[in-house]
Each structure stands twice: as structure tokens, then as C-alpha cells.
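Accompanying notes for the structure given below.
Every number in this text was worked out from the coordinates using simple rules, so none of it is lab data. Please read all numbers here as calculations on a predicted model, not as lab measurements. Here the Cβ positions follow ideal geometry from the backbone for every residue, glycine too, while neighbour counts run over all protein chains shown.
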């Protein structure tokens, strides 16, 4: 019984490790604006998400204006520009 349980735990751990190592999918404009307008996320948290995920789009002047209007501060703008 103990051996079976230990083997099951090792199997789950071996399967979960590659999943944890995967990077999150890139953000599209809609998702980025959703994060910016969510009061539960600070600007630094949004910038961290953008830094880890990057973007699915190359922002145009209109996109930059939309992001600023949604509340993007300097850190978020700089992080988005760095990965675009």
C-alpha cells in the first residue's frame, strides 16, 4: 500500500513539474485592459504579468492611448514596449 502511494505521488510530481515550468500565454489587448481595469491588481503586478507573458500584438499609437486610458502607468507601458 505504502509503495503504491509513494509511486503515485512521484508520478503526480513528475507530471506537475513540467506544467509549472511553462510560461503563461501572451496577453492580447483585451486581457491586458481587463488586468489594468481590475482594482485587485496593482500596476507593479500588471507589469510583472506583462514581463512574464509578453503580448500577442504589437501596439499601435491607438493601442498605447487605449492602454493609458485604461490606467497603464509608466512601468506597464515600458514593460509592454520592451516585449512588443
What single numbered condition from (1) more than 12 Å from the chain's Cα centre (by Cα); (2) assigned to a helix (DSSP H, G or I); (3) exposed (fewer than 15 other Cβ atoms within 10 Å of the Cβ) fails to hold for residue 40? (2)
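Kindly establish whether residue 78 is under 20 Å from residue 25 (Cβ atoms) and in a helix (DSSP H, G or I). Spell out how you get there, then give the answer.
Working: under 20 Å from residue 25 (Cβ atoms): no; in a helix (DSSP H, G or I): yes.
Against the criterion (under 20 Å from residue 25 (Cβ atoms) and in a helix (DSSP H, G or I)), residue 78 does not qualify.
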